[in-house]
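Trainee: This is the structure I have questions about; it appears just below.
The values are calculated or read from the model by the stated rules, or taken from the named source; none is laboratory data. If you're wondering where the values come from, they're calculated on a predicted model, not measured in any experiment. Glycine gets a Cβ as well: all are built from the backbone with ideal geometry, and neighbour counts include every protein chain shown. Accessible surface is based on the protein model in full, side chains and every heavy atom, while ligands, DNA and RNA are left aside. Shrake-Rupley method; radii C 1.70, N 1.55, O 1.52, S 1.80 Å.
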Amino acid sequence: MAACKADVERMRVGVKSWTFVASGAPFREDLLVRTDAASVEAGLDACLPRLRELGLVIPE
């Protein structure tokens, strides 16, 4: 599963309101990559390199 979500409460106070999570099937059962970020782009910038390191093929 991979998901991006926005937390409206955190948006109101100006902190990292976006969360990106990739875990488990269909990737790998032991996979867990997660970050909180100020934007969707920042979350992906943080997580995509880690997912590639773990062997996932993700287009540029």
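Trainee: Given the criteria out of contact with any helix residue (DSSP H, G or I) (no Cβ under 9 Å at 6 or more places or on another chain), open to solvent by less than 40 Å² (accessible area, probe 1.4 Å) and either at pLDDT 90 or above or on the phi > 0 side of the Ramachandran plot (or both), does Gly24 qualify?
Mentor: Yes, satisfied.
Trainee: What residue, among those in region 1-15 that are assigned to a loop (DSSP other than H, G, I, E, B) and more than 21 Å from Leu51 (Cα to Cα), is modelled with the highest pLDDT?
Mentor: Ranking the candidates gives Asp7 first.
Trainee: For residues that are free of Cβ contacts under 8 Å to residues at least 24 places away in the same chain, among the aliphatic types (A, V, I, L, M) and part of a strand (DSSP E or B), tally how many sit in region 22-60.
Mentor: Qualifying residue count for the region: 3.
Trainee: Could you grab me the full set of residues in region 8-17 that are touching a Ser or Thr at 6+ places or on another chain (Cβ under 6 Å) and surrounded by 14 or more Cβ atoms within 10 Å (Cβ to Cβ)?
Mentor: Listed by number, the list holds a single entry, Arg10.
Trainee: Check region 28-45 and report whether any residue there is touching a Leu at 6+ places or on another chain (Cβ under 9 Å), modelled with pLDDT under 90 and open to solvent by 80 Å² or more (accessible area, probe 1.4 Å).
Mentor: yes
Trainee: Any residue at all in region 52-60 that is surrounded by 13 or more Cβ atoms within 10 Å (Cβ to Cβ) and among the charged types (D, E, K, R)?
Mentor: no
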